Amino acid sequence: MGFPRGRRRLVLGVAVVLLAVAAVAVIVHRVLAPAEVSTPARGAYPAAPRPPAGVVGRLPVAPLIVDGRLRVYAAHRQVYADRPVDGRHRTTPYWSYRRWPAELTGVVASGSTVISRWSDGRLVALDASTGRVRWRADGPVPAASAAVIRRTGAATVWDARGLFLADSADGRTVLTVTGNTQASGVEVSSGRELWRTDLPGACRSDLGTTATGQLIGLDTCAGPALIEFRDAATGVVGERWRPPSGPDRLVVTPLGCRTGRSGCLGLRTAGPGDAGGRGWLLGEGGPLAAPALDPAGATLAGDQAVAVVDGVAVGRSARTGAELWRFAGLGPAWVLAVQPGRAHLLTEANELVTLDPGTGALLSRYTLNVGSDGTGWAPGAVSAEDGYVAVERLREPVDPNGDDQRYYLTSEAVILAAT
């Protein structure tokens, strides 16, 4: 005996609905389920070029120069690279790595290892030569940030908050990762977690690492601000220090860093509004006063303090304050950035002047102009790495609250130069 015709129709209708629901569920799962897509490199790893000093080109996004061979970029949910490093424009990705639904929050590089940090705390290390995953690890969830992430992604690749590199005494490179409630140390070569510790919250923040392998933290949780030095390889806090007769509230700026805020040779402390600014050298002992770094415009390049005073660049011994050299004829100018062996100055006319910080010798000098863009712009975020300088160009007058179209000079807002 079969089903009556009406009941057969009802059963058939229910079956069709169930199949449709199942199909939708499969589609939703595929679209919304956590996933990663890795597109490895198909060509040979490029050699490191030696371009002549001058403007290389312009880019729509901020490049992280990796291994002197690639440019690595950040998107909302993607990290990707292009080549050649001295290409005039951005090109088709050499490799790409994408995650969903997590968001990319920071990127750093050590040699040929590119490490990305994601909003769920995941750390993913990629081989720069192939784009393939070297390791994955779970780190502290990033602290919420009020910083505006604009279309160039400069804040993600040039100033990755809570993501720093340090060289330990035994020769290992350690990635230190901090959030609001936890910090950890991860061995870059393997992804192995070396330590993890709880933190008191937003009243404490990490600022960078020293050249001697310490994580620099600022603690304002109880009483006057303290600067904390934590061993990056073990997580053990060594010294908790504050400047003698320093203000209760501190603004701390790392100086002379090898890259970004990592491997820094000194720091500058000041009160609100730059009150009582003082410079310090960092080493195996406690911070050592360096009056040559006291002025707000001074910075550290190797062992030298470099500043521009009345249109003259002056290099002094950071340790003794003795004047070592002078370079005149700049007019209004300031120190834009430093990197090992180079101090980069920017004039009012947007000339990039690169000096040897040890001798004051001129390495290169040219106007930062490309195409018909002109020089009527203000500098924004800056990165100096592997002999290159990249600068965001902002529309004048600068409107920090404007949208990206108003904020940036052009759609290709980043100018890249070889020095």
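The values are calculated or read from the model by the stated rules, or taken from the named source; none is laboratory data. Keep in mind that what you see is a predicted model, and the values were worked out from it rather than measured. Glycine gets a Cβ as well: all are built from the backbone with ideal geometry, and neighbour counts include every protein chain shown. Protein only, heavy atoms only, side chains kept; ligands, DNA and RNA dropped before computing areas. Shrake-Rupley method; radii C 1.70, N 1.55, O 1.52, S 1.80 Å.
Summary of computed values
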| read-out | value |
| --- | --- |
| Net +/- balance of residues flanking residue 149 in space, Cβ distance below 15 Å, scoring K and R +1, D and E -1 | 0 |
| For the chain, built as a Gaussian network whose Cα springs stay under 10 Å, the top-fluctuating residue of 249, 42, 240 | 42 |
| The range 150-246: C-alpha gyration tensor shape, a/c 1.5 cut-off, then a/b vs b/c | oblate |
| Net charge of neighbours whose Cβ lies under 12 Å from the Cβ of residue 131, counting Lys and Arg as +1 and Asp and Glu as -1 | +3 |
| C-alpha center-to-center spacing [the range 189-247, the range 289-353] in angstrom | 29 Å |
| Cβ-based net charge around residue 304, under 13 Å, with every Lys or Arg adding one and every Asp or Glu removing one | +1 |
| Largest to smallest accessible area among 76, 89, 344 [probe 1.4 Å] | 76, 89, 344 |
| Most fluctuating residue given options 201, 387, 191, as computed from a GNM of the chain linking Cα atoms under 10 Å | 201 |
| Which label in (1) -0.29, -0.40, -0.52, -0.96; (2) -0.25, -0.33, -0.44, -0.82; (3) -0.29, -0.38, -0.48, -0.86 gives the computed log10 I(q)/I(0) by the Debye sum over Cα atoms at q = 0.06, 0.07, 0.08, 0.11 Å⁻¹ | (3) |
| With DNA, RNA and ligands ignored, accessible area of residue 138 (1.4 Å probe; Å², nearest 10) | 100 Å² |
| The range 106-240 - percent relative contact order, Cα under 8 Å, separation 6 or more | 16 percent |
| Of 131, 285, 208, the one that fluctuates the most in a GNM where the chain has Cα springs shorter than 10 Å | 285 |
| Selection from 349, 293, 334 lying farthest towards where the dipole of the range 239-355 points positive, charges on Cβ | 293 |
| Dipole moment magnitude, nearest 20 debye, the chain about Cα centre, only Lys, Arg, Asp, Glu C-beta charged | 2080 debye |
| Lys/Arg +1, Asp/Glu -1 at C-beta; the chain dipole; positive extreme among 55, 313, 147 | 147 |
